[in-house]
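The block underneath contains the structure these notes are about, expressed in structure tokens.
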Amino acid sequence: MQRRDFIAVSALAAFGSALQGHAWAQAGYPAKPVRLIVPFPPGGPTDIMGRTAAKAMGDRLGQQFVVENKAGAGGNIGTDAVAKAAPDGYTIGLSAISSLAIAPHLYSNVPFNVEKDFVPFSLVGTTPCALVVHPSVPFNDLKGMVAYAKANPGKLNYATSGIGTSNHLAAELLQSVAGIKLSSVPYKGSSQIVPDLLSGTVQMSMESSLATTLQHIKAGKLKAIVVTSPQRAKALPDVPTVAESGYPGFAVETWFGLVAPAGTPQAIVTKLHDAWEAGAKSPEAQAAFDNISGNLRVTTPQQFAEFIAAENRRWGDLIRRLGIKAD
């Protein structure tokens with residue numbers, strides 16, 4: 001055999017071996033623990049969703065899914081870590097509306113490209129935003145709040161967990177459709193809001209996690225006057241939606257979903273999706289979401305990708321129209 005032919009045959013053999021090895025790696029996946037990055041601190045609703053998904057997938061795939069909390073920059077640090085991980089299925093992430101639909105329009109320099117750097121494979125959960133008020137305010141429903149705000153422009157203030165967060169944008173959207181102006185008071189996190197809301201230092205808060213205020217609402221120390229989700233919240237069945245209160249079509253939820261780095265083989269993405277879909281049906285998973293007043297969700301990878309694109313259009317349009325900037 002001539003040297004040229006030998007090289008060609010050897011190259012083909014090596015290529016075939018590589019393909020075979022690649023296929024075997026996918027068929028044998030996962031052969032070692034999988035890292036699931038949660039871009040928020042331990043203990044919160046996002047962390048609980050991540051740990052629930054990790055256990056559900058791990059139980060179905062027979063391998064440990066290890067949660068790594070990588071918090072900071074509103075979820076962008078952890079989400080960026082997923083974007084830059086090897087696309088082999090051994091690093092995946094739970095990201096959220098803040099990083100996947102809001103940050104690209106809010107910051108001038110986001111370190112990842114949502115469309116190019118990720119393979120979304122399923123929504124995991126949503127939480128409704130609720131307008132929670134101190135009992136001293138002179139209204140008990142959204143109609144009364146809008147009337148008071150119009151009669152007293154700028155006198156009502158509301159707390160959010162930061163400029164450009166989902167609860168801040170939910171409040172901005174509500175003001176836009178209702179034709180009112182409220183004063184925003186940004187905090188660094190929801191844990192700092194509750195004491196000031198209880199004391200009346202701030203009059204209202206657009207809460208993106210009912211878990212932080214539900215006990216106070218049930219105790220009568222705070223009032224929830226409306227929820228922003230398409231349907232009433234299971235935790236607050238007597239509280240109407242914004243759509244029911246005179247603004248049809250209004251719907252805002254904070255959402256969370258599973259993503260892998262771009263280039264992750266489709267066979268692995270399918271395995272991960274199917275594991276979450278099966279695990280989400282377990283009573284344990286449902287109970288975990290009920291405990292944080294969340295709604296468990298499962299979508300196909302295509303549905304989640306289309307959802308992310310639609311959310312980017314929606315919030316990008318609002319941010320540009322209102323001229324909101326975080327830097």
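Checking the stated criteria, Leu258 turns out not to satisfy the condition of being aliphatic (A, V, I, L, M), under 24 Å from the mean Cα position of the chain (by Cα) and outside any strand (DSSP E or B).
What do you reckon, is Val252 in contact with a Ser or Thr (Cβ under 7 Å, 6 or more places away or on another chain) and under 17 Å from Asn140 (Cα atoms)? Give the steps one after another, and end with the answer.
Values: in contact with a Ser or Thr (Cβ under 7 Å, 6 or more places away or on another chain): yes; under 17 Å from Asn140 (Cα atoms): no.
Against the criterion (in contact with a Ser or Thr (Cβ under 7 Å, 6 or more places away or on another chain) and under 17 Å from Asn140 (Cα atoms)), Val252 does not qualify.
The lone criterion from (1) modelled with pLDDT under 95; (2) crowded, with 23+ Cβ neighbours inside 10 Å left unmet by Met49 is number (1).
Condition first: of a type in the set (Ser, Thr, Tyr), exposed (fewer than 14 other Cβ atoms within 10 Å of the Cβ) and not in a strand (DSSP E or B). Now tell me which residues in segment 182-213 satisfy that. Can you show your working first?
Applying the first criterion (of a type in the set (Ser, Thr, Tyr)) to segment 182-213 yields 183-184, 187, 190-191, 199, 201, 205, 208-209, 212-213.
Right, trim to exposed (fewer than 14 other Cβ atoms within 10 Å of the Cβ) and you get 183, 191, 199, 201.
Answer for segment 182-213, where residues must be of a type in the set (Ser, Thr, Tyr), exposed (fewer than 14 other Cβ atoms within 10 Å of the Cβ) and not in a strand (DSSP E or B): Ser191, Ser199, Thr201.
Apart from one condition, Gln266 fits all of (1) in the same structural domain as Leu100 (by TED's automatic domain parsing); (2) in contact (Cβ under 8 Å) with a residue 40 or more places away in the chain; the exception is (2).
Per-residue answers, yes or no, for (1) surrounded by fewer than 22 Cβ atoms within 10 Å (Cβ to Cβ); (2) free of Cβ contacts under 8 Å to residues at least 40 places away in the same chain; (3) not in a loop (DSSP other than H, G, I, E, B):
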residue: Ile180; (1), (2), (3): yes, yes, no
residue: Gln215; (1), (2), (3): yes, yes, yes
residue: Lys221; (1), (2), (3): yes, no, no
residue: Gln231; (1), (2), (3): yes, yes, no
residue: Ala235; (1), (2), (3): yes, no, no
residue: Tyr247; (1), (2), (3): yes, no, no
residue: Thr254; (1), (2), (3): no, no, yes
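Can you tell me which residue within segment 270-320, out of those that are basic (Lys, Arg) and in contact (Cβ under 8 Å) with a residue 60 or more places away in the chain, is surrounded by the fewest Cβ atoms within 10 Å (Cβ to Cβ)? Going through the qualifying residues, I end up with Arg320. State which residue is modelled with the highest pLDDT when the search covers only segment 132-178 and only residues that are among the small types (Gly, Ala, Ser), surrounded by fewer than 19 Cβ atoms within 10 Å (Cβ to Cβ) and more than 22 Å from Asp238 (Cβ to Cβ). Top of the filtered list is Ala151. Taking the numbered list (1) in a loop (DSSP other than H, G, I, E, B); (2) assigned by TED's automatic domain parsing to the domain that holds Pro261; (3) basic (Lys, Arg) in turn, Lys116 passes all entries but (1). Please verify whether Leu173 is under 17 Å from Ala243 (Cβ atoms) and outside the structural domain of Pro45 (by TED's automatic domain parsing), treating the condition exactly as stated. Yes. Here Ala260 fulfils each of the conditions (1) in contact with a strand residue (DSSP E or B) (Cβ under 6 Å, 6 or more places away or on another chain); (2) under 22 Å from Tyr148 (Cβ atoms) apart from (2). Pairs under 6 Å by beta carbon, first residue in a strand (DSSP E or B) in segment 29-43, partner surrounded by 13 or more Cβ atoms within 10 Å (Cβ to Cβ) and of a type in the set (Lys, Arg), six or more apart or different chains? Note: pairs meeting the criteria are Ile37/Lys70. If you check Asp59 against the conditions, is it among the acidic types (Asp, Glu) and closer than 26 Å to Glu172 by Cβ? When the stated conditions are applied, Asp59 does not pass them.
The values are calculated or read from the model by the stated rules, or taken from the named source; none is laboratory data. Everything quoted here is computed from the prediction, not taken from an experiment. Positions of Cβ are generated from backbone atoms using ideal geometry, with glycine treated the same way; all protein chains shown enter the neighbour counts.
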